[in-house]
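What follows is a single structure, written as structure tokens, with notes after it.
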Protein chains: 2
Amino acid sequence: MISNSIIYIVLAASILALAFAFIFYKQMMKQDEGTDLMKKIAAHVRKGAMAYLKQQYKVVIIVFIILAAIFGIMAYFKLQNGVVWFAFLTGGFFSGLAGFFGMKTATYASARTANATRKSLNSGLQVAFRSGAVMGLVVVGLALLDVSVWFLVLNGTGLLEAVGAENDLITITTTMLTFGMGASTQALFARVGGGIYTKAADVGADLVGKTEYNIPEDDPRNPATIADNVGDNVGDVAGMGADLYESYAGSILATMALGASAFATAAVEGMQFKAVLAPMLIAAVGVLLSLIGIFLVRTKENAGMKELLGALSRGTNTAAILIAAATFGIMYFLFGKETGEYANMWWQTSLSVVVGLLAGVIIGKATEYYTSQSYKPTQKVAESSKTGPATVIISGLGLGMLSTAIPVVTVGVAIVLAYLCANGFNIEFTAANLSRGLYGIGIAAVGMLSTLGITLATDAYGPIADNAGGNAEMSGLEPEVRKRTDALDALGNTTAATGKGFAIGSAALTALALLASYVEEIKIALIRIGQDLPNGVEAAKATLVDFMEAYNVNLMNPVVLVGVFIGAMMAFVFCGMTMNAVGRAAQKMVEEVRRQFSTIKGILQGEAEPDYERCVAISTKGAQHEMLVPSILAILVPILTGVILGVPGVLGLLIGGLATGFVLAVFMANSGGAWDNAKKYVEEGNFGGKGSENHKATVVGDTVGDPFKDTSGPSLNILIKLMSMVSIVMAGLTVTCHLL
Amino acid sequence: MISNSIIYIVLAASILALAFAFIFYKQMMKQDEGTDLMKKIAAHVRKGAMAYLKQQYKVVIIVFIILAAIFGIMAYFKLQNGVVWFAFLTGGFFSGLAGFFGMKTATYASARTANATRKSLNSGLQVAFRSGAVMGLVVVGLALLDVSVWFLVLNGTGLLEAVGAENDLITITTTMLTFGMGASTQALFARVGGGIYTKAADVGADLVGKTEYNIPEDDPRNPATIADNVGDNVGDVAGMGADLYESYAGSILATMALGASAFATAAVEGMQFKAVLAPMLIAAVGVLLSLIGIFLVRTKENAGMKELLGALSRGTNTAAILIAAATFGIMYFLFGKETGEYANMWWQTSLSVVVGLLAGVIIGKATEYYTSQSYKPTQKVAESSKTGPATVIISGLGLGMLSTAIPVVTVGVAIVLAYLCANGFNIEFTAANLSRGLYGIGIAAVGMLSTLGITLATDAYGPIADNAGGNAEMSGLEPEVRKRTDALDALGNTTAATGKGFAIGSAALTALALLASYVEEIKIALIRIGQDLPNGVEAAKATLVDFMEAYNVNLMNPVVLVGVFIGAMMAFVFCGMTMNAVGRAAQKMVEEVRRQFSTIKGILQGEAEPDYERCVAISTKGAQHEMLVPSILAILVPILTGVILGVPGVLGLLIGGLATGFVLAVFMANSGGAWDNAKKYVEEGNFGGKGSENHKATVVGDTVGDPFKDTSGPSLNILIKLMSMVSIVMAGLTVTCHLL
């Protein structure tokens, strides 16, 4: 009844997304770019951004070639199948492409947004939001394209058999997971490199310009100002694009793999295939709903802030509610006719998605509560500026640490509920219940990310508005324009909270799903080399629970515990490295800006032009130089852990990294967000207002928060999943050779 | 051959420790307290400190009565045995007593140290160090007293049978663990309350006095200065005393319990009893070696810094080397005659101790490297002051995060090696190998802490020297005295690094040992209520591995994973609470100090005396008020987790809390230490020296570091173990009633 041809729906959805992205892009390009000065500044930023991306991809390509070669060698030694190296490359390629398109759009859109904002707030929103939507749609379009084409190829042709692998759905889906590793690797480099770039430029520009010379943000006299605007594009746009591509693709791929294994032995024919289809179909329908949401974001021409906020919220909320409803439809279409043990599966699994969506909303609201200056916590951070920068830092750190409670408890409850919903509320811990429950957790993550087309649009238009403001400032437009772009940016921060809640929550759930995929890959590796489990159970017939017992993956095994310790440490060490990288790169920028201020005559009077290029080059070089070590560490540690500690050590590592990394990421993101908005709160005229000592104290907080919320924090989500992906790809090595 | 009477050796060692503590105390009291002003100031501080302790104990007694009542009720419902409530009280009582004696000594010693320092550096060291030794010896003496007397009572009389419990070694040792919970509870209150007190006063005094009014540290014109000095006593002396009492007693008790269970079914008679004896005997011998070490700390009267450092190092190093050698002797005495499977046990288990000691030394050296201004990392933090306070904070946080790598890897390697040494290098994961390996991990922790008598002395004399400096400053002694006390304090920081390494490492190992004790307690609870394991295995015959399988404590169980998440979160939330508590209490102090400066006429000219009492009262009240919520949370969360998630959830919670808490604690301690010393490095004349903008930037770092290194960081070690202890005591409740 349901055949392989249904995949063409997914393929069609991906093409639809890309087509609309193209249309929105063309619409944006038709807008007027404004004055000559505006065009010139935009061209500067665009050139710098493209130069950076080119440089970045050069480095990343080398890493990819080396890794692909390693996978090729592994395939030769039967430690991996022969499709992996290529799947890995495509994942990285499409992820990079999404970042490239997103950034190209953003750099063309900034001057046009500034120009449109001269007319009205609404016009500005339309240009910026539609440009953000290009990014959202490109990400989901390319991801679905890669997923659907690979599935068609692997499931339809004998490719896997040709390279000597099995040709069943489990092998197909776990092979496809390696394209997830390509996306994760690309995402980590993009986030870390872009994050270091943007924060080095930002911190450097602020420390000298704002603090030492008292000139405003984005002032053309500041030599680092172009680099700062380039940074917003390479960090917040290209970095975020690659990041969410990875999350989106990762959740779909992991859930497909879980579906393949959970229903591998189902007595009902076609169950396994339908379970693999479900996440793809939810994502495909999500594309349609995202488009509906995007078109709902429109108001009257003279709309004020409140109407605009309403319009944005209407778009995202409608998409979220519709996807919950649509999931029931999709699940009924797939499983509605089942009887016996699967009779209730359609609505039970759908409930898992509802659980996930609710969790995302709660995390989003909590994030908003802790980081918006409309609420007490951030106001208290602002108030602590009365006693200087030290207390601003202490209270911001305290706030961030406390703010982890709600997201973690919410995710915990969501895990248990999504699990129980999907396995029919069966507490008993059996292999079958476990597999179905884990599948429910995966589906919940897919549901949360399925409307990424619009949620990413609300996220990505922020940096575009921000850049438009920079352009307006530098090209001397009336201050009203800057005020409006700031308002647009602030608007985005509010609506983006839900999107961030979904991203954080789904990352945790996806990482959990990847744990199960890791065990599945261990199984495939054993079958490939013809070995049984250590306790003699035949690999092909072993369940997840058998693996836990055979490899002693329990909490009394010291090897597991050591793995957990190392995982927890990895999260901290990785953050420490990226924090220090920002510090070092910013230091160089500070020195250069100081040098220019003191050696270029007339620079402060606006009579001489600063050497923008040099600051751009410093950021580019600094980011390239600094991103390598932490990124390579993230790839090496899981491999080394596997070779030394074996399977139980790797699973410990992944759990330790996931738990600590998740909490640390929430802490850093929220501390950083609160510091940012505490500064804004003071700037709004509270506790002495702009220019006061209190304001200076909050600027210190904001500067510390920059790497927190834009470099180290967001990279953690990728780190967690990349470590899982690496472990999955390296499973063949781990089972054949390990010390303990 | 080896009978119960050998316990009298342990009892004798404890009395020896207490006797020498008394002698050193009397010697110190014989010294001259100096001028009348010195006496008056010392009396002020003493009064404030005692008033605080009295207030603190009042609150803690209420908590203890409530908890003891709960244990009584649990005993009535057969959820716990009838000795527990009383054992719990004695643990808390002795821990509090150790803090009280230590603080009493310290507050009497400060003026005497200042006075002796007027004569020579060496005289000052002698008074301060011997006073620190009082604390060290009181802690080990009282702990061994409690352990040995309880063991004599429980093993020699029919007390346990009288309350309806079994009278075997497993029940005896796990019952004794509850006295560990008393010590942990007391320690948490002491650390959190004392930590908030001292940092509120310190931060408050610094922010207004140093930063706003530019008056030096410990200046008598500063109203918060007495509170600051009181804080050093209640935080660094009483808090640390209770903390290390808990670590020391906890490691011995946990290892005794592990020994009882590992050798419960040993075919050789007396093995179990000897395994229980071993940790007590190592600790008893450690007392002797500590005394030898303490007496080795002496030099010529006119000794310089280098000689003094040599003397201190000689003391601690000799004790550490001797305990390694002595362990082989003790183990040979106990197990040297064994044959068959236990033939090599004596030297194999001894090797575990050597592993532990080496790990402690490595962690200590790494701590020194990352936090001393003699090395690059801290110097770089100081250098980053050139670009202001924000970069000082960023680089300090980066340093702290990176610095977690060596301690975590070291502990990981130590866990594996101590485990493998103790079970005869047997990788195979069997119940017998596991139990013996865990026993080895416990013994390693005991070895690391066995010379606490001297390592604590090198730690505790720092605050005494610090207070002596304060006394010298306030009573207007010649500046040379202050310089010497500062030198003594700095000296202590260097030698204390090893002690801290031992404390951190042993805490991680002990917490691991407590995990196994938790499972053992589950077993006892099942036997008490006459239930089998969920999978039908008879409780009395079940091994650790059986429990893991019966309760599904593996990494695929979502309940375990949710537990790990919550554990990781607990570490952060607890730190957030204590950070915020310090912030709030400091805020109140700042307001009061500002008020006094502006309303008391002539205060800045030194013509009018500030109202010291009021600042003392504010700190006392703030600390009392703020310590309750985080401490009670630490007790409630494990109970709630048990009731909701059951046994696998609790084990997840403990692992998550241990891994994240351990890494977070190292991060916070090292960041805080580095900021402190970066400030000192600038004060030594680097990067502009005292009074420069750079110096001000490092003062911001130091202020943020205060709660890091003296409140939140050190409390984490206790939190980890308290959560384990609570879970152990509540095991009966968890197995009989839980939701999932």
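Do we have B:N670 as of a type in the set (S, T, N, Q) and away from chain A (no Cβ under 14 Å) here? Answer is no for this residue.
Only residues that are free of Cβ contacts under 8 Å to residues at least 60 places away in the same chain and open to solvent by less than 20 Å² (accessible area, probe 1.4 Å) were counted across region A:402-418, and they come to 1. Exactly one residue out of B:A460, B:A445 is within 14 Å of chain A (Cβ to nearest Cβ), within 20 Å of the chain's Cα centre (by Cα) and not polar (S, T, N, Q), and it is B:A445.
Just one of the listed residues (A:R191, A:R221) is assigned to a helix (DSSP H, G or I) and open to solvent by 10 Å² or more (accessible area, probe 1.4 Å), and it is A:R191. Whenever a residue of region A:10-34 is surrounded by fewer than 15 Cβ atoms within 10 Å (Cβ to Cβ), its partners that are part of a helix (DSSP H, G or I) and among the aromatic types (F, W, Y), lying with C-beta atoms within less than 9 angstrom and at least six residues away or across chains, give the pairs A:M29/A:Y108. Just one of the listed residues (A:E549, A:E520) is outside any loop (DSSP other than H, G, I, E, B), of a type in the set (D, E, K, R) and crowded, with 24+ Cβ neighbours inside 10 Å, namely A:E520.
Only one of B:I618, B:I603 is open to solvent by less than 10 Å² (accessible area, probe 1.4 Å) and farther than 30 Å from B:Y518 by Cα; which? I'd like the intermediate steps shown before the answer.
Working: B:I618 fails: open to solvent by less than 10 Å² (accessible area, probe 1.4 Å).
It is B:I603.
Contact map, region A:660-674: first residue farther than 13 Å from A:A405 by Cβ and part of a helix (DSSP H, G or I), second residue charged (D, E, K, R) and open to solvent by less than 10 Å² (accessible area, probe 1.4 Å), Cβ cut-off under 8 Å, separation 6 or more or different chains; pairs are A:G672/A:D706. Pairs are defined by a Cβ separation below 9 Å, a sequence spacing of at least 6 or placement on different chains, a first member in region B:595-615 that is more than 16 Å from B:N229 (Cβ to Cβ), and a second member that is among the aromatic types (F, W, Y); the pairs so defined are B:F597/B:Y213; B:I603/B:F597; B:L604/B:Y213; B:L604/B:F597.
Report the residue count in region A:675-700 for those that are on the phi > 0 side of the Ramachandran plot and open to solvent by 40 Å² or more (accessible area, probe 1.4 Å). Steps first, please.
Start the filter on region A:675-700 by keeping residues that are on the phi > 0 side of the Ramachandran plot, which leaves A:685, A:687-689, A:691.
Those still in the list that are open to solvent by 40 Å² or more (accessible area, probe 1.4 Å) too: A:685, A:687-688, A:691.
Qualifying residue count, region A:675-700: 4.
Looking across B:N222, B:N214, one residue alone is over 22 Å from B:G96 (Cβ atoms) and out of contact with any helix residue (DSSP H, G or I) (no Cβ under 7 Å at 6 or more places or on another chain). It is B:N214. When every residue of region B:618-627 is checked against the conditions, none turns out to be among the acidic types (D, E), within 11 Å of chain A (Cβ to nearest Cβ) and within 22 Å of A:P377 (Cα to Cα). For the structure I just gave you, tell me whether B:I226 is in a helix (DSSP H, G or I), under 17 Å from B:E473 (Cα atoms) and open to solvent by less than 10 Å² (accessible area, probe 1.4 Å). Spelling it out, B:I226 is indeed in a helix (DSSP H, G or I), under 17 Å from B:E473 (Cα atoms) and open to solvent by less than 10 Å² (accessible area, probe 1.4 Å).
Against the condition among the charged types (D, E, K, R), more than 30 Å from B:Q348 (Cβ to Cβ), open to solvent by 10 Å² or more (accessible area, probe 1.4 Å) and in a loop (DSSP other than H, G, I, E, B), how does B:D532 come out, does it pass? Yes: the conditions hold for B:D532.
Taking the criterion of being in a helix (DSSP H, G or I) and surrounded by fewer than 24 Cβ atoms within 10 Å (Cβ to Cβ), would at least one residue in region B:247-257 satisfy it?
No.
Would you check if A:D243 is at pLDDT below 90, closer than 23 Å to A:V192 by Cβ and open to solvent by 10 Å² or more (accessible area, probe 1.4 Å)? Let's see the steps before the verdict.
Numbers: at pLDDT below 90: yes; closer than 23 Å to A:V192 by Cβ: yes; open to solvent by 10 Å² or more (accessible area, probe 1.4 Å): yes.
Against the criterion (at pLDDT below 90, closer than 23 Å to A:V192 by Cβ and open to solvent by 10 Å² or more (accessible area, probe 1.4 Å)), A:D243 qualifies.
When residues in region B:573-605 are screened for being assigned to a helix (DSSP H, G or I), more than 9 Å from chain A (Cβ to nearest Cβ) and of a type in the set (G, A, S), 2 of them pass.
Do you know which residues across region A:393-422 are β-branched (V, I, T), part of a helix (DSSP H, G or I) and either within 10 Å of chain B (Cβ to nearest Cβ) or over 22 Å from the mean Cα position of the chain (by Cα) (or both)?
Step one: of region A:393-422, the residues β-branched (V, I, T) are A:393-394, A:404, A:406, A:408-411, A:413, A:415-416.
Add one more test, that the residue is part of a helix (DSSP H, G or I), and what stays is A:393-394, A:406, A:408-411, A:413, A:415-416.
Within region A:393-422, A:I393, A:I394, A:I406, A:V408, A:V409, A:V411, A:V413, A:I415, A:V416 qualify.
B:E368 meets the conditions (1) over 20 Å from the mean Cα position of the chain (by Cα); (2) more than 7 Å from every other protein chain (Cβ to nearest Cβ); (3) modelled with pLDDT under 95 in every case but one. The failed one is (1). Just one of the numbered conditions (1) outside any helix (DSSP H, G or I); (2) surrounded by 19 or more Cβ atoms within 10 Å (Cβ to Cβ) is not true of A:L334: (1). Screening A:K380 on (1) open to solvent by 30 Å² or more (accessible area, probe 1.4 Å); (2) within 11 Å of another protein chain (Cβ to nearest Cβ); (3) more than 30 Å from B:L207 (Cβ to Cβ) shows it passes everything except condition (3).
Of these, A:K483, A:K500, which one is basic (K, R), open to solvent by 30 Å² or more (accessible area, probe 1.4 Å) and at pLDDT below 85? First the steps, then the outcome.
Working: A:K483 fails: at pLDDT below 85.
Result of the check over A:K483, A:K500: A:K500.
The one condition from (1) closer than 30 Å to A:A390 by Cβ; (2) crowded, with 24+ Cβ neighbours inside 10 Å that B:K588 does not meet is (2).
For region A:25-41, the criterion of being under 20 Å from the mean Cα position of the chain (by Cα) and within 23 Å of A:A143 (Cβ to Cβ) is met by none of the residues. If we scan region A:423-433, do we find a residue that is within 9 Å of another protein chain (Cβ to nearest Cβ), under 30 Å from B:A585 (Cα atoms) and surrounded by fewer than 24 Cβ atoms within 10 Å (Cβ to Cβ)? Checking region A:423-433: not a single residue is within 9 Å of another protein chain (Cβ to nearest Cβ), under 30 Å from B:A585 (Cα atoms) and surrounded by fewer than 24 Cβ atoms within 10 Å (Cβ to Cβ).
State whether the residues of region B:564-572 include one that is more than 7 Å from chain A (Cβ to nearest Cβ) and more than 26 Å from A:N433 (Cβ to Cβ). Quick ask: steps written out before the conclusion?
Within region B:564-572, the first condition is being more than 7 Å from chain A (Cβ to nearest Cβ), and the residues that meet it are B:567, B:570-571.
Now drop any that are not more than 26 Å from A:N433 (Cβ to Cβ), which leaves B:570-571.
Looking for residues that are more than 7 Å from chain A (Cβ to nearest Cβ) and more than 26 Å from A:N433 (Cβ to Cβ), one finds at least one in region B:564-572, hence yes.
Annotation: of all residues in region A:84-96 being out of contact with any Leu (no Cβ under 6 Å at 6 or more places or on another chain) and of a type outside the set (G, A, S), the one that is most open to solvent (accessible area, probe 1.4 Å) is A:F93. Within region A:634-664, which residues are within 10 Å of another protein chain (Cβ to nearest Cβ) and either under 23 Å from A:Y52 (Cβ atoms) or open to solvent by 20 Å² or more (accessible area, probe 1.4 Å) (or both)? Within region A:634-664, A:I644 is the sole residue that qualifies. Looking at region B:259-280, which of its residues are assigned to a helix (DSSP H, G or I) and either open to solvent by 10 Å² or more (accessible area, probe 1.4 Å) or of a type in the set (S, T, N, Q) (or both)? Across region B:259-280, the qualifying residues are B:S261, B:A262, B:Q272, B:F273, B:K274.
The values are calculated or read from the model by the stated rules, or taken from the named source; none is laboratory data. The model shown is predicted, which means the values in this text are computed figures rather than measured ones. Ideal geometry is used to build each Cβ from the backbone, glycine not excepted, and the neighbour counts take in all protein chains shown. These accessible areas exclude ligands, DNA and RNA; they are computed on the full protein's heavy atoms, side chains included. Shrake-Rupley method; radii C 1.70, N 1.55, O 1.52, S 1.80 Å.
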